[in-house]
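The structure appears right after this line, and notes come after that.
The values are calculated or read from the model by the stated rules, or taken from the named source; none is laboratory data. In this text the structure is predicted, and so the values were computed from the model without any measurement. Cβ: placed from backbone, ideal geometry, glycine included. Neighbour counts: every protein chain shown. Keep in mind that these areas ignore ligands, DNA and RNA; they rest on the heavy atoms of the full protein, side chains included. Shrake-Rupley method; radii C 1.70, N 1.55, O 1.52, S 1.80 Å.
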Amino acid sequence: MPTIGKPERTSKRELVSTHVFDAPRELVWKAWTNPKLIPRWWGPRKYTTVVEKMDVRPGGTWRFVQRDAEGNEFGFHGEYREVVPFERIVETFEFEGMPGHVLVESAVFEEIRGKTKVTQRSVFATVEDLEGMLASGMEEGARETIERFAELVEEPKKSDARPKKEQARGRAQKNELVITRIFDAPPERVWKALTDPREMKQWWGPKGFTAPFISVDLRVGGVFRYCMRSPEGKDYWGTGVYREIVPGRRIVYTDSFADEKGNVVPATYYGMGADLPLEMLVTLTFEKEKGQTKVTLHHAGMPAGPDLEGATQGWNEMFDKLVKHLQA
């Protein structure tokens, strides 16, 4: 289990927190500095994060944009001042909603008997900046961010400890569903089946459902729309926006319920729980394994409960249909 420290005020303008992750330092460093992994942990769960720039070297710059369920966007940026691989990183941090208030953040990574201690230090320009950040609820958001990071870096260990069958069917983490499946087809074939609307219509939807409409604009910023029809004839519409596309390797898109015209609607529109957010995030990764393809699904933002259990069943039934489609 990780040890997540509470930020402590060590001077009038400085906060320090220490965390211990049950993962080796190299893995922790890579998760901290890999732009492809940032959207999976950076910021509270209610936001999605897009990495616009992340040049991890002294003098390099970064910019992340967070988006809430209502579509509001919040930008953050900074410059890397010091980068010592696997040991230390120092950068500036500025919230674009309050320009001119720049703080300096550092993280030191220490390996201790197979685990990693990370010491974070934030130095604010003024006492007022620190007080304002605390008043804004930063502490809660920072803790949730570190909790998400711990889930990410400790995931491989948890996965290895589970029976193979259980790994294949999926597992639910806090506000995130994770499913890994092996398909007996090369990555390019599986990629096409997951991105070509003509093929997706053959398998999209849980057991007994059909997909009368699917539209795919496969580019960053492109829109994905679909309709699933239940055995009773009820239509369920959904929509999303592609956030990241690495051909043959990775897809990231937002996921929302929608009406027939493509307008985002709450889950209650279809009789589901009111606690489901307006927007969730789906990440699909593709890995080649001896002529087969391992696909890992992350469906983030879904709270625990009956709806998450239903989503787990639904995704697995969809993937079961995909297996048969690939064999046809």
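Data for the structure
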| quantity | calculated |
| --- | --- |
| DSSP-assigned coil residues among trypsin sites (Lys or Arg not before Pro) in region 41-110, each with at most 16 further Cβ atoms within 10 Å | 46 |
| Sparsely packed GluC sites (Glu not before Pro) within region 231-288, loop by DSSP, other Cβ within 10 Å at most 15 | 232, 260 |
| Distance between modelled label sites at residue 55 and residue 14, nm, 7 Å Cα→Cβ extension | 3.0 nm |
| Rg in Å to one decimal, and Dmax rounded to a whole Å, for region 202-316 via C-alpha atoms | 14.5, 44 |
| Debye equation applied to the C-alpha atoms of the chain, log10 I(q)/I(0) at 0.07, 0.10, 0.11 Å⁻¹ | -0.32, -0.64, -0.77 |
| Distance cut-off 19 Å, percentage of C-alpha pairs in region 59-137 lying past it | 49 percent |
| Whole-number percent relative contact order across the chain, with pairs defined as alpha carbons under 8 Å at least 6 apart | 14 percent |
| Using distinct alpha-carbon pairs, which all enter the 1/r mean, Kirkwood radius of region 211-273 in Å | 12.5 Å |
| Backbone HN-Hα couplings from phi across region 84-95 [Karplus 6.51/-1.76/1.60, Hz, Gly and Pro as x] | 10, x, 6, 10, 7, 9, 10, 8, 8, 9, 9, 7 |
| Average accessible surface area per residue within region 1-153, 1.4 Å rolling probe, Å² | 51 Å² |
| Of 53/290; 30/53; 290/324, pairs whose Cα-Cα distance is over 25 Å | 53/290 |
| Among 100, 75, 221, residue whose mean-square fluctuation peaks in a GNM of the chain (springs only between Cα atoms under 10 Å) | 100 |
| Unit Cα scatterers, Debye sum, region 1-54: log10 I(q)/I(0) for q = 0.14, 0.16, 0.20 Å⁻¹ | -0.54, -0.69, -0.96 |
| Spatially proximal aspartates and glutamates relative to residue 288 (Cα-Cα < 17 Å; intrachain offsets below 8 disregarded) | 184, 188 |
| Cut-off 11 Å, label 7 Å out along Cα→Cβ of residue 270, residues of region 204-223 by amide N | 205-206 |
| Carbon plus sulfur fraction of accessible area for the chain, probe 1.4 Å, in percent | 51 percent |
| Three-way shape label, region 5-149, alpha-carbon gyration tensor, a/c 1.5 | rounded |
| Among 256, 136, 106, residue whose mean-square fluctuation peaks in a GNM of the chain (springs only between Cα atoms under 10 Å) | 136 |
| Phi-based couplings in Hz for region 222-233 (Karplus 6.51, -1.76, 1.60; Gly and Pro marked x) | x, 9, 10, 10, 7, 10, 10, 10, 6, x, 8, x |
| Region 203-310: trypsin sites (Lys or Arg not before Pro) in DSSP coil with no more than 16 other Cβ atoms inside 10 Å | 207, 219, 234, 249, 261, 290 |
| Hits among aspartates and glutamates - C-alpha to C-alpha of residue 117 under 18 Å, sequence gap 8 or more where chains match | 8, 22, 26, 87, 105, 144, 147, 151, 154, 155 |
| Efficiency of FRET from Cβ geometry, residue 328 and residue 249, R₀ 22 Å, rounded to 0.05 | 0.35 |
